[in-house]
1. Looking at the range B:134-151 only, could you name the residues that are within 11 Å of B:VAL237 (Cα to Cα) and part of a helix (DSSP H, G or I)?
2. Can you tell which of B:GLY155, B:GLY166 is within 15 Å of B:PHE207 (Cα to Cα) and surrounded by 14 or more Cβ atoms within 10 Å (Cβ to Cβ)?
3. Does B:LYS217 meet the test of being at pLDDT 95 or above, of a type in the set (Lys, Arg), within 21 Å of B:LEU22 (Cα to Cα) and in a strand (DSSP E or B)?
4. Search the range B:225-242 for residues being surrounded by fewer than 21 Cβ atoms within 10 Å (Cβ to Cβ) and hydroxyl-bearing (Ser, Thr, Tyr), and hand back the single one that is farthest from the other protein chains (Cβ to nearest Cβ).
5. Tally up the residues in the range B:127-158 that are in contact with a Phe, Trp or Tyr (Cβ under 9 Å, 6 or more places away or on another chain) and within 14 Å of another protein chain (Cβ to nearest Cβ), please.
6. Please indicate, with yes or no, whether at least one residue in the range B:66-79 is part of a loop (DSSP other than H, G, I, E, B) and either surrounded by fewer than 18 Cβ atoms within 10 Å (Cβ to Cβ) or small (Gly, Ala, Ser) (or both).
7. What is the number of the single condition among (1) part of a helix (DSSP H, G or I); (2) surrounded by fewer than 16 Cβ atoms within 10 Å (Cβ to Cβ); (3) among the hydrophobic types (A, V, I, L, M, F, W, C) that B:VAL188 does not meet?
8. Just need a number here: residues in the range B:93-142 that are in contact with a Ser or Thr (Cβ under 9 Å, 6 or more places away or on another chain), closer than 30 Å to B:THR186 by Cα and free of Cβ contacts under 8 Å to residues at least 40 places away in the same chain.
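The values are calculated or read from the model by the stated rules, or taken from the named source; none is laboratory data. Just so it is clear, the model here is predicted, and its values are computed rather than measured. Cβ: placed from backbone, ideal geometry, glycine included. Neighbour counts: every protein chain shown.
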Amino acid sequence: QCLQKKIVEYFDGD
Amino acid sequence: MLELRLVQGSLLKKVLESIKDLVNDANFDCSSSGFSLQAMDSSHVALVALLLRSEGFEHYRCDRNMSMGMNLGNMSKMLRCAGNDDIITIKADDGSDTVTFMFESPTQDKISDFEMKLMDIDSEHLGIPEAEYQSIVTMPSAEFARICKDLSGIGDTVVISVTKEGVKFSTRGDIGTANIVCRQNTTVDKPEEATVINMSEPVSLTFALRYMNSFTKATTLSNTVTISLSSELPVVVEYKIAEMGYIRFYLAPKIEE
């Protein structure tokens with residue numbers, strides 16, 4: 001089973 | 001005051017068609033450098049970044065930075081009323097809660113204007129760091145779209161693996177498995193038909209095909225697509241928009257638990 005990562009885990013908010 | 005005149009109005013129509021199913025509402029940011037957008041899908045798994053540089057517009061007036069919240073479904077409904085050869089002008093007054101799209105036929109015998117309500121969108125702007133990608137693949141956009149469509153009939157995810165030999169797209173599902181390998185091929189008649197692999201390190205990542213298929217709606221914007229992969233980063237699927245800019249889709253990978 002694969003876990004779907006989220007964009008916010010890689011890019012920070014300004 | 002904002003007034004942007006785009007002679008090749010079909011570009012804006014195509015941009016909207018390529019993102020409206022991925023993102024519902026988004027802020028379009030307008031500054032002296034260009035017209036841009038950054039938005040995530042509702043699941044926060046994918047992000048779209050659009051840039052149309054000011055130099056690409058025949059007339060570009062943006063007195064002060066503006067952020068205009070738009071429902072992309074509604075914007076698309078309005079832009080669909082523009083002919084493919086029409087010139088599109090986007091107009092907004094400072095502080096106004098509406099934006100106007102004006103369409104002019106090439107012969108100037110039909111001029112339409114559509115006023116759309118703007119909305120307040122509280123969206124987070126993410127900082128996308130400059131990164132060196134381990135593998136960068138440039139290939140014909142139609143070929144990439146075909147692969148994503150074909151594989152989605154078999155499985156839900158695609159494993160993209162890049163080696164010196166080529167790029168492999170693999171899937172597996174209840175009915176079986178599929179592997180498609182595209183080799184580097186630079187000896188083609190037209191540069192847009194080439195598959196070019198720039199690899200510093202081999203990389204293999206898994207992605208949801210549903211999103212990849214959604215990104216390929218931008219295929220009409222460019223003959224080629226560039227796929228940038230690194231093991232610690234979301235993939236970037238980039239379509240260049242003529243001389244004007246780009247649309248980039250970022251997709252977070254699926255990781256083995």
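1. If the condition is that a residue be within 11 Å of B:VAL237 (Cα to Cα) and part of a helix (DSSP H, G or I), then B:SER141, B:PHE144 are the ones that fit.
2. The match here is B:GLY155.
3. Against the criterion (at pLDDT 95 or above, of a type in the set (Lys, Arg), within 21 Å of B:LEU22 (Cα to Cα) and in a strand (DSSP E or B)), B:LYS217 does not qualify.
4. Checked the range B:225-242; the qualifying residue farthest from the other protein chains (Cβ to nearest Cβ) is B:SER231.
5. 5
6. no
7. Answer for B:VAL188: the failing condition is (1).
8. 0
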